[in-house]
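Visitor: Let me begin by handing over the structure; questions about it come next.
Here, each number is a calculation from the coordinates, and none is a lab measurement. All of these numbers come straight from a predicted model, not from anything done at the bench. Heads up, the Cβs are rebuilt from the backbone with ideal geometry, glycines too, and the neighbour counts pull from every protein chain shown.
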Amino acid sequence: MAPPARLLVLGGTTEAADLVRRLHAPGGLAGVGQVEVTTSLAGRTARPAPLPGGRRVGGFGGPEGLARYLADEGIDVLVDATHPFAAHMPWHAAEAAAATGVRRLRLLRPGWSSQPGDRWHVVADLDAAGAELARQGRHRVFLTTGRQELAPFAALADAGTWFLIRTIDPPDPQPLVGAVVVLSRGPFDVAAERDLLLEYDIDALVTKDSGGDATSAKLDAARALGLDVVVVARPPTPSGPVVPDVDGALAWLVSQLGPAPGGG
Ligand code: NAP
């Protein structure tokens, strides 16, 4: 009997967790023999959700470290399901996969698209988002860019802009003078987002183009209220096979790993 295929999933996203759960569900990889799945997390979240399969936590030590891990662990397939704004790991994954000959897939959820009525201002990065807020003269801003990405707005806060910050884990340190922090994890719904924007008298939002349904309600609420939204565009991602969702990843894995011996 053939040994199980070994999969490494680079995680830290809802899609990565969903993929790993589906891989362990009956019929998850229908038509393919056994697989052994390990999820890799950077270690940014204090209490990551429990997942079936193996888990390792912490950086690999650059692309060379990842290549060493792939070789030492006999990994057959690498699924890079890191966040659309993970700027380094996808490149490390591409380099390590190329160096070792391990097959690699990028699972990347599509970005959001603006709709009629949206008042979006798309910018290249967080520094540009700060500059855009200053240009618009906005003073009560809802910031959902992540707890480790607040520093680019510190000068604005010092100059009198007030921020409502929403993060999953508390920012430490919190560099924005006078800001209010709400801790919450999606999914969010439109009515609650609208209430939040009204309660804090928000006049602009800043978000990364993370995509997905879990955090898109704020965009619907902003549209309904006619608010400006500063949208930070995604960083570039390496070329190679990309799928937009877990179904696509499962189909790709079946195509790569082939039918189980005896049709199993
Ligand atoms: P990044 O800039 O691409 O990664 C920085 C370093 O963290 C990498 O060089 C790598 O260290 C380590 N790393 C990243 N993802 C890893 C993983 N899955 N397993 C092991 N090591 C990993 O990414 P980031 O923006 O810091 O994000 C870190 C993690 O948070 C990612 O897993 C991502 O999926 C998740 N996340 C990010 C965001 C976001 O907005 N950036 C949002 C939600 C979730 P070494 O070079 O030492 O290997």
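Visitor: Around L41, with a cut-off of 11 angstrom between Cβ atoms, what is the net charge of the other residues, counting Lys and Arg +1 and Asp and Glu -1?
Guide: Working: positive: R44, R55, R56; negative: none.
Charge balance in the 11 Å sphere: +3.
Visitor: Which value, in debye to the nearest 20, describes the size of the charge dipole of the chain about its Cα centre when Lys and Arg Cβ atoms bear +1, Asp and Glu Cβ atoms bear -1, and nothing else is charged? Walk me through the intermediate numbers first.
Guide: Numbers: 24 positive and 29 negative charges, 79 e Å.
For this selection, approximately 380 debye.
Visitor: Right, here's the next one. For the chain, what's the relative contact order in percent, using C-alpha pairs closer than 8 Å and at least 6 residues apart? It would help to have the intermediate numbers written out before the result.
Guide: On the way: 478 pairs, mean separation 62.9, N = 264.
The value is 24 percent.
Visitor: A further question on this structure: P(r) of region 173-244 in 5 Å steps, Cα pairs, percent per bin?
Guide: 3, 13, 20, 23, 18, 11, 6, 5, 1
Visitor: Sticking with this structure for a sec: Regarding region 139-264, what's the average projected area of the Cα-atom convex hull, expressed in nm²? Intermediate results must be reported in sequence, preceding the final value.
Guide: Values: hull surface 43.1 nm².
Computed as one quarter of the Cα hull surface, the answer is 10.8 nm².
Visitor: Still on this structure: I want the local charge near V57. Using Cβ-Cβ distances under 14 Å, sum +1 for each Lys or Arg and -1 for each Asp or Glu among the other residues.
Guide: +4
Visitor: Here is a follow-up. With N set to the residue count of region 93-138, report its C-alpha Rg divided by 2.2 N^0.38 Å to two decimal places. Numbers along the way, then the final one.
Guide: Values: Rg = 18.2 Å, N = 46, 2.2 N^0.38 = 9.4 Å.
Relative to the rule-of-thumb radius for its length, region 93-138 sits at 1.93.
Visitor: What residue among T144, T38, T100 has the largest mean-square fluctuation in a Gaussian network model of the chain, using Cα springs under 10 Å?
Guide: T100
Visitor: Hey, what's the Cα Rg ratio for region 1-126 versus the globular rule of thumb, 2.2 N^0.38 Å?
Guide: The reported ratio for this selection is 1.19.
Visitor: Under 15 Å from the 7 Å Cα→Cβ point of L198, by amide nitrogen: which residues of region 220-247?
Guide: 221-227
Visitor: How far is it, in nm, from the label point at S113 to the one at D172 when both lie 7 Å from their Cα along the line to the Cβ?
Guide: Spacing of the two 7 Å Cα→Cβ label points: 4.2 nm.
Visitor: Net charge around V190, counting only other residues with Cβ within less than 11 Å of its Cβ (Lys, Arg = +1; Asp, Glu = -1)? It would help to have the intermediate numbers written out before the result.
Guide: Working: positive: R194, K218, R223; negative: D189, E193, D195, D220.
In short, -1.
Visitor: Continuing with this model, one more query. Taking 0.36 nm per intervening residue step and subtracting the Cα-Cα distance, what contour gain separates R140 from L183 on full extension?
Guide: 13.7 nm
Visitor: When the chain is fully extended, how far beyond the present Cα-Cα distance does V190 get from V254, taking 0.36 nm per residue of separation?
Guide: Values: separation 64, 0.36 × 64 = 23.04 nm, distance 3.72 nm.
My answer for the length gained is 19.3 nm.
Visitor: So what is Rg over Rh here for the chain, counting just Cα atoms and using Kirkwood for Rh? Don't jump to the answer; show the numbers that get you there.
Guide: Details: Rg = 20.6 Å, Rh = 20.0 Å.
In the chain, Rg relative to Rh is 1.03.
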